Amino acid sequence: MIKHIVMWKFKPGTEREAEQFLSGLRGLYGVIPQIREQELGVNCAPDNYDAVLVSAFDSMADLEAYKTDPRHVAVAAQCKAIRVDRVAVDYEV
């Protein structure tokens with residue numbers, strides 16, 4: 001199994017857009033079949049990254065299929081204009 005963890009820091013003043021982006025990500029679970037697990041959280045502590053996505057896939061091939069799925073690409077595109085930073089880690093469990 002592959003764990004895929006992504007964290008974002010959003011630009012100040014983009015709270016509404018960030019909420020729409022995160023809602024779009026939540027909406028992919030159960031729609032893109034390669035996603036086995038998904039947990040999405042908004043940080044409750046100041047001065048850190050604003051949100052995190054933890055998802056699981058059966059294989060790297062499934063993760064790549066998710067990354068290139070047009071539904072994911074459309075949601076991810078929403079984030080590029082509102083983020084200050086993004087970090088990601090993929091690891092095998």
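The values are calculated or read from the model by the stated rules, or taken from the named source; none is laboratory data. Fair warning: this is a prediction, and the values are worked out from it, not measured in the lab. Don't worry about glycine lacking a Cβ; one is built from the backbone with ideal geometry, like all the others, and counts go over all protein chains shown. Quick note on the areas: whole protein, heavy atoms, side chains included, nothing else; ligands and nucleic acids left out. Shrake-Rupley method; radii C 1.70, N 1.55, O 1.52, S 1.80 Å.
Quick notes on this one:
- Whole-Hz couplings from phi, Karplus 6.51/-1.76/1.60, listed for segment 5-13; x for Gly and Pro: 10, 10, 10, 10, 10, 9, 5, x, x
- Residues in segment 1-24 reached by a label modelled at Asp85 [backbone nitrogen below 13 Å; 7 Å Cα→Cβ]: 7-11
- Normalised per residue, the accessible area of segment 1-53 is 59 Å², obtained with a 1.4 Å probe and no contribution from ligands, DNA or RNA.
- Working note: Karplus 6.51/-1.76/1.60 with θ = phi - 60° gives segment 48-55 the couplings 10, 5, 7, 8, 9, 10, 10, 9 Hz, where Gly and Pro are set to x.
- Using R0 = 25 Å, the C-beta based FRET efficiency linking Ala77 and Glu37 works out to 0.60.
- Under 5 Å between amide hydrogens, built in the peptide plane, is the criterion, and for Phe10 it picks out Asp50, Val84 among residues at least 5 positions away or on other chains.
- Residues in segment 74-90 carry Karplus couplings, in order, of 5, 5, 4, 4, 5, 7, 4, 7, 10, 9, 8, 8, 8, 10, 9, 9, 10 Hz; the curve used is 6.51 cos²θ - 1.76 cosθ + 1.60 with θ = phi - 60°, and Gly or Pro positions show x.
- Correct option for mean projected area of the Cα convex hull in nm² [calculated from the coordinates] among (i) 7.2; (ii) 10.9; (iii) 5.7: (iii)
- Label positions at Val93 and Tyr49, each projected 7 Å from the Cα along the C-beta direction, are separated by 1.6 nm.
- Surface share of carbon and sulfur [accessible, 1.4 angstrom probe, percent] for segment 44-93: 57
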